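Student: Got a structure for you, written out below as structure tokens; questions coming shortly.
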Amino acid sequence: MTAQILDGKALSASIRVDIRETISKGIAAGKTAPGLATVLVGEDPASAVYVRNKRRACDETGMVNFHKELPADIGQQALLDVVAELNADQAVHGILVQLPLPKGFDYDENAVLQAIDPAKDADGFHPLNQGALMQGTPAPIPCTPKGVMALLRETGLELSGKHAVVVGRSNIVGKPVSLLLLREHCTVTVCHSRTQDLAAVVGSADVIVAAVGVPELVKGNWVKPGAIVLDVGINRNAEGKLIGDVEFATAAERASWITPVPGGVGPMTIAMLLQNTLEAAWRTGA
Ligand code: NDP
């Protein structure tokens, strides 16, 4: 293997220590502890694990967690009422409604995201904040893309003028990460399921961000020697092992830097959620 590892576990741990110290100093100086509200609807096991990890991270940094566990059939209006209550609560600075909402109950996820006060939008999914991202004005940035950019900065490499290829165009990863790369003056190509000759497009990249959800779709021999590879994918193989969207071992033979799965982009998402909440709290002068 020639690539250096971009260690998201270590970076996220150090960011969390910084956040804990900032909060502790802020509280000593008379500020209010930042508050993050987590809303879990239903009992999907994966969502329950994600929310548990977010709540634990919150506690460890000295933030206050306001948790709402709601039945799967609570219904759209009652869920909107919970969001309205959290919007009005001055002790809550960040709100996160865990997605996806339960299937079969007619939820409108977009309406729920739009109901969150944009200033408390810890996930950065509100359309106003996504618009601000497009315009390059300050606003909460979606956590996983923000984590990808923090990892990229760790390489210390100049991004300006580099060709970045993003595989995936979702609203939560592919599109926002593309805008952030553009902000760093990369030349950005966004690929998706209709892209022709994906291998050739990926092969022309200096920076590859894979956010597809297809195990090892990006083959190691596609990677241009020296490219930086960021693998957002979280998939389980037949043996139940976590693997990414990139064929790690072969890609690591050619890349200059690469994120592992697990331990790469994944841990950064929670660290960025905490950062967004802290920024939201103290932007309002709490
Ligand atoms: P989505 O399913 O919303 O989007 C997947 C994207 O990949 C789509 O744009 C789709 O194209 C594209 N795609 C699918 N198949 C192909 C293909 N064969 N070739 C090229 N493009 C393809 O996924 P998300 O963005 O939500 O998540 C992507 C991955 O990242 C998943 O593994 C998810 O688990 C993981 N993830 C990890 C996070 C973390 O914290 N590390 C956070 C969020 C997600 P089209 O638009 O044409 O359908």
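The values are calculated or read from the model by the stated rules, or taken from the named source; none is laboratory data. As the structure is a prediction and not an experimental result, all values here were calculated from the model. As a convention, Cβ positions derive from the backbone with ideal geometry for all residues, glycine included, and neighbour counts pool all protein chains shown. To get the accessible areas, we keep the full protein, side chains included, count just its heavy atoms, and leave off ligands, DNA and RNA. Shrake-Rupley method; radii C 1.70, N 1.55, O 1.52, S 1.80 Å.
Student: Give Lys9/Lys120; Lys68/Lys146; Lys9/Lys146; Lys175/Lys219 a once-over and call out the pairs whose C-alpha atoms are over 19 Å from each other. All intermediate terms of the calculation are to be shown ahead of the outcome.
Tutor: Working: Lys9/Lys120 26 Å; Lys68/Lys146 26 Å; Lys9/Lys146 15 Å; Lys175/Lys219 22 Å.
Where the Cα-Cα span goes over 19 Å, the pairs concerned are Lys9/Lys120; Lys68/Lys146; Lys175/Lys219.
Student: Using only the Cα atoms of the range 44-176, what semi-axes does the equivalent ellipsoid have when each is the square root of 5 times a gyration tensor eigenvalue? Give whole Å, largest first.
Tutor: Details: eigenvalues 161, 61, 50 Å².
That gives 28, 17, 16 Å for the three semi-axes.
Student: Arrange the peptides 119-127, 30-38, 86-94 so that the one whose residues have, on average, the most other Cβ atoms within 10 Å appears first. All intermediate terms of the calculation are to be shown ahead of the outcome.
Tutor: Details: 119-127: 22.1, 30-38: 20.3, 86-94: 18.2.
The packing order, highest mean first, is 119-127, 30-38, 86-94.
Student: Between Glu21 and Arg153, with labels modelled 7 Å along Cα→Cβ, what's the label distance in nm to one decimal, could you check?
Tutor: 1.6 nm
Student: Would you mind getting the accessible area per residue of the chain, heavy atoms of the protein chains only, 1.4 Å probe, in Å²? Walk me through the intermediate numbers first.
Tutor: Values: 13170 Å² over 286 residues.
Using a 1.4 Å probe on heavy atoms only, each residue of the chain averages 46 Å².
Student: ³J(HN,Hα) across the range 6-23 via Karplus (A = 6.51, B = -1.76, C = 1.60, θ = phi - 60°), whole Hz, x for Gly/Pro?
Tutor: Values, residue by residue: 8, 8, x, 5, 5, 5, 5, 5, 6, 5, 5, 5, 4, 5, 4, 5, 4, 5 Hz.
Student: On a 0 to 90° scale, report how tilted helix 174-183 is relative to the longest principal axis of the chain, with both axes built from alpha carbons and the result rounded to the nearest 10.
Tutor: Once rounded, the angle reads 80 degrees.
Student: Determine the shape class of the range 31-117: with a ≥ b ≥ c the square roots of the Cα gyration tensor eigenvalues, call it rounded for a/c under 1.5, and otherwise prolate if a/b is greater than b/c, oblate otherwise. Could the numbers behind the result be given before it?
Tutor: On the way: a/c = 2.55, a/b = 1.37, b/c = 1.86.
Verdict is oblate for the range 31-117.
Student: Give me the net charge of Pro140's neighbourhood, meaning all other residues with Cβ under 12 Å from the Cβ of Pro140; Lys, Arg count +1, Asp, Glu -1. Please list the in-between numbers first.
Tutor: On the way: positive: Lys120, Lys146, Arg283; negative: Asp117, Asp121, Asp123, Glu279.
Net of charged neighbours comes to -1.
Student: Among residues other than Gly226 whose Cβ falls under 12 Å from its Cβ, what is the net charge (Lys/Arg +1, Asp/Glu -1)?
Tutor: Working: positive: Lys162, Lys224, Arg254; negative: Asp206, Glu253.
Value of the local net charge: +1.
Student: Determine by what factor the alpha-carbon radius of gyration of the chain differs from 2.2 N^0.38 Å, reporting the quotient. Please list the in-between numbers first.
Tutor: On the way: Rg = 19.1 Å, N = 286, 2.2 N^0.38 = 18.9 Å.
Normalised Rg, Cα atoms only: 1.01.
Student: In the Gaussian network model of the chain, springs joining C-alpha atoms below 10 Å, which of Ala164, Ala227, Ala249 carries the largest mean-square fluctuation?
Tutor: In this elastic network of the chain, the residue with the biggest mean-square fluctuation among Ala164, Ala227, Ala249 is Ala249.
Student: For the chain, what proportion of DSSP beta bridges, expressed in % and rounded to the nearest 5, is antiparallel? Could you put the intermediate results ahead of the total?
Tutor: Numbers: 2 of 32 bridges.
Counting DSSP beta bridges with both partners in the chain, the antiparallel share is about 5 percent.
Student: Placing +1 at every Lys and Arg Cβ and -1 at every Asp and Glu Cβ, with all other atoms neutral, what dipole size does the range 31-117 have around its Cα centre, in debye to the nearest 20?
Tutor: On the way: 7 positive and 13 negative charges, 85 e Å.
Approximately 420 debye in magnitude.
Student: Shifting gears a bit: Apply the Karplus parameterisation 6.51 cos²θ - 1.76 cosθ + 1.60, with θ equal to phi minus 60°, to every residue of the range 121-138 and state each ³J(HN,Hα) to the nearest whole Hz, in sequence, with x for glycine and proline.
Tutor: 7, 4, 8, x, 9, 5, x, 5, 6, 5, x, 4, 4, 5, 7, x, 9, x
Student: Skipping prolines and chain starts, which residues have an amide H placed within reach, meaning under 5 Å, of the one on Leu70, given they are 5 or more residues away or on another chain?
Tutor: The answer is Leu40, Val41, Gly42.
Student: Moving on. What is the sum of charges, Lys and Arg at +1 and Asp and Glu at -1, for the other residues whose Cβ falls under 15 Å from the Cβ of Thr189? Kindly include the intermediate steps, with their values, before the conclusion.
Tutor: Numbers: positive: Lys162, Arg169, Lys175, Arg194, Lys224; negative: Glu184, Asp197, Asp206.
Combined, the nearby Lys, Arg, Asp and Glu give +2.
Student: Treating only the Cβ of Lys, Arg, Asp and Glu as charged (+1, +1, -1, -1), what charge dipole size does the chain show about its Cα centre? Round to the nearest 20 debye. Don't skip to the answer; put the middle values down first.
Tutor: On the way: 25 positive and 30 negative charges, 119 e Å.
Computed charge dipole of the chain: roughly 580 debye.
Student: Right, next: List the GluC sites (Glu not before Pro) within the range 41-88 that DSSP assigns to loop and that have no more than 13 neighbouring Cβ atoms inside 10 Å. Don't skip to the end; give the middle numbers.
Tutor: Values: sites: Glu43, Glu60, Glu69, Glu85; in loops: Glu43.
Of the GluC sites (Glu not before Pro), the ones in loops of the range 41-88 whose Cβ has at most 13 other Cβ atoms within 10 Å are Glu43.
Student: Select from the range 193-269 those trypsin sites (Lys or Arg not before Pro) which occupy a DSSP coil region and have at most 13 other Cβ atoms within 10 Å, ordered by residue number. Don't jump to the answer; show the numbers that get you there.
Tutor: On the way: sites: Arg194, Lys219, Arg236, Lys241, Arg254; in loops: Arg194, Lys219, Lys241, Arg254.
Those that pass, being in a loop and sparsely packed, are Arg194, Lys241.
Student: To continue, here is another question. Give or take rounding to whole Å, what are the principal axis extents of the alpha carbon atoms in the range 143-266, in descending order?
Tutor: 41, 30, 29
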